[in-house]
Amino acid sequence: MHFFKENVSLKPYNTFGIDAKARLFYEAHSLEELQWVVDTEVFSNNQVLWLGGGSNMLLTKDFDGLVVKISLTGKRHEVWDEDRVLVTAQAGENWHAFVSYTLEQNWGGLENLSLIPGNVGTAPVQNIGAYGVELKDSFYQLKALHLKTGSVEVFDKARCAFGYRDSFFKQKGKGAYIVTEVSFVLSRQNHQVHTEYGAIQSALLKMPGQVSIQKVAKAVISIRQSKLPDPAEIGNSGSFFKNPVVSEEKANDLKQQYPNLVAFPLANAQTKLAAGWLIEQCGFKGYRKGDAGVHAKQALVLVNYGNARGEEIAALAGEIKRAVFAKFAVVLEPEVNMI
Ligand code: EPU
């Protein structure tokens with residue numbers, strides 16, 4: 001039986017723990033339910049908010065429309081070749097639970113992406129990344145429902161146009177598709193571990209014996225737990241801003257003035273700056289205003305200590321953005337979607 005719920009609190013559905021309400025709410029457990037809902041008049045006559053794991057959004061007010069929660073579950077796999085396996089998960093699977101499952105099977109490729117909040121379906125939309133690895137590195141293809149035609153289309157890696165925290169689905173394809181399942185090619189043996197990141201190396205040094213994908217995951221989990229707040233305890237959405245990319249020239253100017261500037265050179269005479277460092281220099285690390293705050297161990301993460309309203313977090317983000325611009329003339333762009 002299909003039915004729409006009314007006046008539903010979204011607090012359990014967003015990792016910031018913001019208590020905003022949806023006027024209408026529908027949870028789709030299967031592709032058929034998804035196809036059903038996009039065909040209804042309620043869908044056509046209302047503004048629609050799609051909800052995956054709710055880990056990359058800030059609800060700044062009640063949503064006067066229809067919220068559709070994507071809860072498609074299930075996974076399957078098939079042997080790819082002697083060394084590799086093709087693993088597919090439905091969009092509503094929890095990302096970390098999926099990564100843990102692949103590691104239990106001893107399949108390699110996703111270990112550095114352990115403990116990232118959110119669901120499988122939204123992971124490719126922003127090409128999640130951590131500790132030197134991005135989702136695109138082991139991505140094979142995804143399926144997505146085209147909302148206008150109601151048909152399911154296949155997207156290979158090229159069609160997804162992945163970039164830093166970016167993809168086709170945030171650019172040209174924005175609002176047109178809903179990801180229903182994602183497939184990865186993972187290693188079954190001869191795993192290639194990525195341990196370039198300094199903190200991973202230090203964590204591995206404390207683990208005796210040979211390096212394994214499971215140990216890398218363990219290292220990543222311990223680093224994340226030491227720096228990043230657990231959304232089950234303190235509401236947050238991970239990094240609130242993207243790390244800004246500036247010209248090499250601009251980075252050099254800043255370096256003259258601030259010798260400790262944290263900067264990573266990229267191709268094409270561009271440099272990525274650590275937003276967390278910029279924010280810390282403006283004195284915001286550990287800052288708190290009511291229940292809205294900046295995490296004490298990672299200045300790039302904004303937190304809800306309990307009952308902050310979305311507007312309060314948004315106001316704090318605005319304050320940070322203005323302070324960083326005033327001090328460094330660098331513009332911070334949010335990584336989370338403000339709704
Ligand atoms: N830094 C500071 N002060 C801070 C925070 C960071 O000085 O308060 C400096 C650190 O010293 C370090 C540099 O900034 O030299 C980078 O910090 P960190 O390694 O914590 O990574 P990040 O650039 O802040 C990015 C991702 C994270 C991901 C980590 C690890 C973005 C926007 N964020 O953070 O992703 O876990 O790298 O790879 O790219 C997320 O997207 O939600 C997320 C948590």
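The values are calculated or read from the model by the stated rules, or taken from the named source; none is laboratory data. All values derive from a computational prediction rather than experimental measurement. Here Cβ is always computed from backbone atoms with ideal geometry, including for glycine, and neighbour counts include all displayed protein chains. Side chains included, ligands, DNA and RNA excluded: accessible areas come from the protein's heavy atoms. Shrake-Rupley method; radii C 1.70, N 1.55, O 1.52, S 1.80 Å.
Hydrodynamic analysis of the stretch 75-227 uses the Kirkwood radius over alpha carbon pairs. Inserted into Stokes-Einstein at 20 °C and 1.002 mPa s, it gives a translational diffusion coefficient of 134 µm²/s.
So which lysines pass the test for residue 75, namely a Cα distance under 22 Å, with those fewer than 8 places away in the same chain ruled out? Leaving aside lysines fewer than 8 places away in the same chain, those within reach of residue 75 are 136, 143, 157. Look at the alpha carbon pairs under 8 Å that are at least 6 residues apart: their mean separation over the length of the stretch 235-338 gives a relative contact order of 32 percent.
Shown here is the pair-distance distribution of the chain: with all Cα-Cα distances grouped in 10 Å bins from zero up to the longest one, the shares run 5, 23, 32, 27, 11, 2, 0 percent. Solvent-accessible surface of the stretch 73-172, taken per residue with a 1.4 Å probe and all protein chains present: 42 Å².
Taking Cα pairs under 8 Å and at least six residues apart, what relative contact order does the chain come out at, in percent? Normalised by residue count, the contact order of the chain is 16 percent.
Counting only DSSP H runs of at least 4 residues, each contributing -39500 (n - 2.57), and dividing by the residue count of the chain, the helix-based mean residue ellipticity at 222 nm comes to -7500 deg cm²/dmol.
Counted by Cβ distance under 11 Å from residue 276, the other residues give a net charge of +2, where Lys and Arg count +1 and Asp and Glu count -1. Evaluating kT/(6 pi eta Rh) at 37 °C and 0.692 mPa s, with the Kirkwood radius of the stretch 239-339 over Cα pairs in the Stokes-Einstein relation, gives 235 µm² s⁻¹.
The 3J(HN,Hα) values that the Karplus relation (6.51, -1.76, 1.60; θ = phi - 60°) gives for the stretch 41-54 are, in residue order, 5, 4, 5, 5, 8, 10, 6, 10, 10, 8, 10, x, x, x Hz. Gly and Pro appear as x. Positive contributions from Lys and Arg (+1) and negative ones from Asp and Glu (-1), summed over other residues with Cβ under 15 Å from the Cβ of residue 164, come out at 0.
Measuring with a 1.4 angstrom probe and ignoring ligands and nucleic acids, residue 300 comes out at about 10 Å² accessible. Of the residues 159, 322, ranked by 1.4 Å probe accessible area with the largest first, the sequence reads 322, 159. Taking amide H as placed 1.01 Å from N in the peptide plane, residue 241 has its amide H under 5 Å from the amide H of 335, each at least 5 places away in sequence or on another chain. For residue 248, the solvent-accessible surface with a 1.4 Å probe is about 90 Å², rounded to the nearest 10. Among 167, 55, 237, the largest mean-square fluctuation in a Gaussian network model of the chain, built with springs joining Cα atoms closer than 10 Å, belongs to 167.
Using a probe radius of 1.4 angstrom, the carbon and sulfur fraction of the accessible surface of the chain is 49%.
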